[in-house]
Amino acid sequence: MRILITGASGRLGSALNAVFSARGHDVTALSRDQLDMTDFAATRARITSAQPELVLNPAAWTDVDGCAREPERATRINGFGAQNIALAAVEVGAAVVYVSTNEVFDGRLNRAYYEYDVPNPPNAYGYSKWVGEQGTMQVNPKHYIVRSAWLFANGGKNFIQTILNAAQAGDSLRVVANEVANPTYTNDLADSIAELVESGRYGTYHLVNEGWTSRYDFARYALDRAGFTGTPMEKISTFEWNRLSTPPPYCGLVNLAGASVGVKLRPWQEAVDAFLRADGLLAS
Ligand SMILES: NC(=O)c1ccc[n+]([C@@H]2O[C@H](COP(=O)([O-])OP(=O)(O)OC[C@H]3O[C@@H](n4cnc5c(N)ncnc54)[C@H](OP(=O)(O)O)[C@@H]3O)[C@@H](O)[C@H]2O)c1
C-alpha cells in the first residue's frame, strides 16, 4: 500500500515508519519541516503529489504544559491541523489514521474507559486532541481514531529513561501514585496499527498495552527490572507535583473494539521488559 506518515521524526512516527516499511509498504515519511499540517494549502499539495492510499497521522504538539499555556495554538495544531490532513486525504481517496490520547477523558469515572464512553477533556491538550478526533471523523469517512496512552520509545525522551537516569545519578525519586493509565511501547502500538489497517475496519479504537497501573508502580517495575531494586522512591500525589496541565487521575483504556478484530497488545510489563532488553538495560 502507498502510505504517507506525518510527524515522522517523532517517537511514534519513527516506529510507524520502521514497522510499515518492514511490512513491505511504499512509505513516504515526512517530518514537520516537510509537511506542516497547520498549512492547508501545503498539506493538500504534499498529499496530492504523493497520492497515498492511507495517511498515518501521529503528528501533534505533545507538550501538555505548553498546550495549557497556549490552548488556542494547541487547537490550531492538534485539532485543525488534523482536520487539514483528513480533508487532503479524502480528496485523493485515502483513509486516515488519527492518533489520539486517553486525555480526551476526564479520568473521574472510577473505571477504565471503553471506546464508546463520552469524552470530556480535562485539559487543553486533551481538548485539542478531541477537536482533532472530531475534525477527522467529520471530513473523512474512511477513518481510524486510535487512542493510546503513556508512550515510551527507545531512543527518545521518555518516562522510563528519565527514572533510570535519576536512579543512576543517585537523585532522590518522587513519583506520583494517584495517576493511572496504560504504559504503551511505541513498537507495539505501531505493530497494532498495521494490523488494524490491514483489517479495513474503520472506527474508534483503544490501542494500548494490556493493563493499567499508577505512575509510581510503572516506575517501580522498570527500576526493579533494570536492577535498581534497592533504589528508594517516595510516593507523592498530583497535588504535590506542581504543573500547568491537569492530568486525568484514573484513565486506563480498555481495548474492546480492537480485540474484537483480533488486534491486541501484550501486557505492559512484557512491553517494558522488551524496551529494556532492546537498550541492553534488562537485568539478568
Ligand atoms: N507521548 C505520549 O505519551 C502519548 C500518549 C497518548 C497519545 N499520544 C499521541 O500519540 C501521537 C504521537 O506521540 P509522540 O509521543 O510520538 O509525539 P512526539 O514524539 O512529540 O512527535 C510528534 C511529532 O509531530 C510533529 N509535529 C508537531 N507539530 C506539527 C505540525 N504542525 N505539522 C506536522 N508535524 C508536527 C513534531 O515535530 P517537531 O518535533 O519538529 O515539532 C514531532 O515530530 C501524538 O498524536 C500524541 O498526541 C502520545
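Restricting segment 1-30 to residues that are in a loop (DSSP other than H, G, I, E, B) and within 11 Å of the ligand (Cβ to nearest atom), which is surrounded by the fewest Cβ atoms within 10 Å (Cβ to Cβ)? Only one residue tops the list, namely S9.
Considering segment 46-78 alone, what residues qualify as being closer than 18 Å to L244 by Cα, within 12 Å of the ligand (Cβ to nearest atom) and among the aliphatic types (A, V, I, L, M)? Hits for segment 46-78 are V64, A74. Filtering segment 44-66 to residues that are crowded, with 24+ Cβ neighbours inside 10 Å and of a type in the set (S, T, N, Q) leaves only N57. Look at segment 2-21: where a residue is touching a residue at least 40 places away in the same chain (Cβ under 8 Å) and a partner is β-branched (V, I, T) and more than 8 Å from the ligand (Cβ to nearest atom), sitting 6+ places away or on another chain with Cβ atoms under 6 Å, you get I3/V27; L4/T28; L4/V55; G13/I5; L16/I5; F20/I3; F20/V27. Of all residue pairs spaced 6 or more apart or on separate chains, those with beta-carbon atoms under 8 Å, a first member in segment 94-113 that is of a type in the set (K, R) and a second member that is within 13 Å of the ligand (Cβ to nearest atom) and assigned to a loop (DSSP other than H, G, I, E, B) are R108/P248. When A68 is tested against (1) under 24 Å from V254 (Cα atoms); (2) touching a helix residue (DSSP H, G or I) at 6+ places or on another chain (Cβ under 6 Å), exactly one condition is not met: (1). Here's a check for you: in segment 82-135, which residue that is touching a Cys at 6+ places or on another chain (Cβ under 6 Å) and either assigned to a loop (DSSP other than H, G, I, E, B) or of a type in the set (F, W, Y) (or both) is nearest to the ligand (Cβ to nearest atom)? The extreme case among them is Y125.
Looking across segment 69-83, just one residue is in contact with a Lys or Arg (Cβ under 8 Å, 6 or more places away or on another chain) and surrounded by fewer than 24 Cβ atoms within 10 Å (Cβ to Cβ), and that is G79. Among the residues of segment 154-173, write down those that are exposed (fewer than 15 other Cβ atoms within 10 Å of the Cβ), of a type outside the set (G, A, S) and in contact with an Asp or Glu (Cβ under 9 Å, 6 or more places away or on another chain). The answer is N165, and nothing else. Taken over segment 136-158, the criterion of being within 10 Å of the ligand (Cβ to nearest atom) and modelled with pLDDT of 95 or more is satisfied by V146, R147, S148, A149, W150, L151, F152, A153.
The values are calculated or read from the model by the stated rules, or taken from the named source; none is laboratory data. Given the structure is predicted, the values throughout are model-derived calculations rather than measurements. Reconstructed Cβ throughout: ideal geometry from the backbone, glycine too, with neighbour counts over all protein chains shown.
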